[in-house]
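Visitor: Let me begin by handing over the structure; questions about it come next.
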Amino acid sequence: MPLPKQDYVSDIWKDGIFENKVVFCTGGAGSICSAQVRALVHLGANACIVGRNVEKTENMAKDIATARQGAKVLGIGAIDVRNVESLQNAVEQCVQELGGIDYVIAGAAGNFLAPISQLSTNAFKSVMDIDVLGSYNTLKATLPHLITSASSHKNPHIHPSRANTGGRIIFISATIHYTTMPLQTHVSVAKAGVDALSHSTAIEFGPRGITSNVIAPGPIAGTEGMERLARKEGSDQVKTRVPLGRYGTVKEIADATVFLFGDTGNFVSGQTLVVDGAAWRTQSANPGAGFPYPDFLLKDEVVTGVKGEKKAKL
Ligand code: COA
């Protein structure tokens, strides 16, 4: 059964605006990225999503394909963004089967809660490798195709029919590093790097017609990120810190994506689009909820009650 459209994209966009376009997305089986890709597919694109988990990635691709009759969605599993060669193979398969790459979403990320005192060098490196190196590998592997797409979709403001755009990349980041946050040092450092990578891409490849932007989601309902960052019993606490008084939805991130990839985003590059109900402006020293600052740190407590908590070594 296809997901109802209102769950993942607004009615405001015209069907077919991404006809004959291809989106390549890392971390595409995740809750946020799958909604972004589903929206683009609904609006005409074909897609290739890659991820580490084979079953999850393949099943999600099949599910996303139900968004539009005739849609082609490849799901390539066993791809770790830390391994540039496997990523390049996935890009080649995407181009061979779907004909090119017009849009890229660098969405793969790693996250868990841990204070520096409980964060090994390898744990820090794992998140840096997935987020920063993984985003860089994604950019490098897809750039030749983005350049080709940008060159065949020049001056979309002059030829605006059917949002004829191409050569665009979005990096999925966060807002944690704007204020910094305890238990999130590794992610703060990594996401600052991801932001810098996007901004550099915008200025180095803008002259070739490529746009590069960051989407920074705030607390979004029903996502793995929320399960990793807040204890269930504390989730109401998080809502009260969001000026708009609620969690965001994956549809709101998907709409931001359509805006940036579509005709609406022609002159937007080197930017960060924060979609968080103004949450980061009231971001306190608490990660998610249930980890009171500074008591949690002073008591040397161990993080429990969230997805991704540290496993004991056998
Ligand atoms: N607290 C502290 N350290 C942790 C941890 C936690 N909750 N979870 C993992 N680590 C450490 C491990 O102990 C290991 O360090 P060590 O070798 O010094 O013991 C290191 O991180 C790597 O862990 P490992 O499980 O081998 O790495 P991985 O590459 O399989 O997994 C992670 C990467 C750790 C980032 C994992 O959380 C992951 O796969 N995340 C992907 C999904 C995700 O986070 N999505 C969130 C989107 S918001």
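Every number in this text was worked out from the coordinates using simple rules, so none of it is lab data. All values reported here derive from a predicted model rather than from experimental measurement. As a convention, Cβ positions derive from the backbone with ideal geometry for all residues, glycine included, and neighbour counts pool all protein chains shown.
Visitor: State the dimensionless ratio Rg/Rh of the range 122-272 (Rg: radius of gyration of Cα atoms; Rh: Kirkwood radius).
Guide: Values: Rg = 17.1 Å, Rh = 16.8 Å.
That ratio equals 1.02.
Visitor: Rg and Dmax in Å for the range 116-180, alpha carbons only: what are they?
Guide: Computed over the Cα atoms of the range 116-180, radius of gyration and Dmax are 17.8, 56 Å.
Visitor: Just going by the charge dipole of the range 14-298, with Lys and Arg at +1 and Asp and Glu at -1 on Cβ, which of Thr121, Phe205, Ile253 is farthest out on the positive end?
Guide: The listed residue farthest towards the positive side: Ile253.
Visitor: What FRET efficiency do you get for Asn53 and Asn20 if R0 is 25 Å and r is their Cβ-Cβ distance, rounded to the nearest 0.05?
Guide: Working: r = 30 Å, r/R0 = 1.19.
The computed FRET efficiency comes out at 0.25.
Visitor: Let me ask something else about it. Taking the Cα centre of the range 14-298 as origin, sum charge times position over the Cβ atoms of Lys and Arg (+1) and Asp and Glu (-1), and report the length of that vector in debye to the nearest 20. Let's see the in-between values first.
Guide: Working: 24 positive and 23 negative charges, 68 e Å.
Roughly 320 debye, rounded to the nearest 20.
Visitor: Let me ask something else about it. For the chain, what relative contact order do you get, as a whole percent, if you take Cα pairs closer than 8 Å and at least 6 residues apart? Write out the running numbers ahead of the final one.
Guide: Working: 647 pairs, mean separation 59.2, N = 314.
So the answer I get is 19 percent.
Visitor: Cα extents of the range 183-314 along the three principal axes, largest first, in whole Å?
Guide: 53, 34, 28
Visitor: Oh, and also: What aspartates and glutamates sit close enough to Lys62 to cross-link, taking a C-alpha to C-alpha distance under 15 Å and skipping anything fewer than 8 places away on the same chain?
Guide: Hits, sequence-local ones excluded: zero.
Visitor: Cysteines of the chain lacking any other cysteine beta carbon under 4.7 Å?
Guide: Cys25, Cys33
Visitor: In straight Cα distance, which lysines are under 28 Å from Lys56, not counting same-chain residues fewer than 8 positions off?
Guide: Lys5, Lys21, Lys72, Lys125, Lys140, Lys191, Lys232, Lys251, Lys307, Lys310, Lys311, Lys313
Visitor: Go from 0 up to the bin containing the longest alpha carbon distance in the range 1-103, width 10 Å each, and give me the % of pairs per bin.
Guide: Per 10 Å bin, starting at 0, the Cα pair percentages come out as 17, 52, 26, 5.
Visitor: Give me the Å³ per residue figure for the convex hull around the C-alpha atoms of the range 14-298. All intermediate terms of the calculation are to be shown ahead of the outcome.
Guide: Values: hull volume 34.1 nm³, N = 285.
Value for the range 14-298: 120 Å³ per residue.
Visitor: Let me ask you something else. Please sort 171-183, 89-101, 113-125 by packing, taking for each peptide the average over its residues of neighbouring beta carbons within 10 angstrom, highest first.
Guide: Values: 171-183: 21.8, 89-101: 17.9, 113-125: 14.4.
Output ranking for 171-183, 89-101, 113-125: 171-183, 89-101, 113-125.
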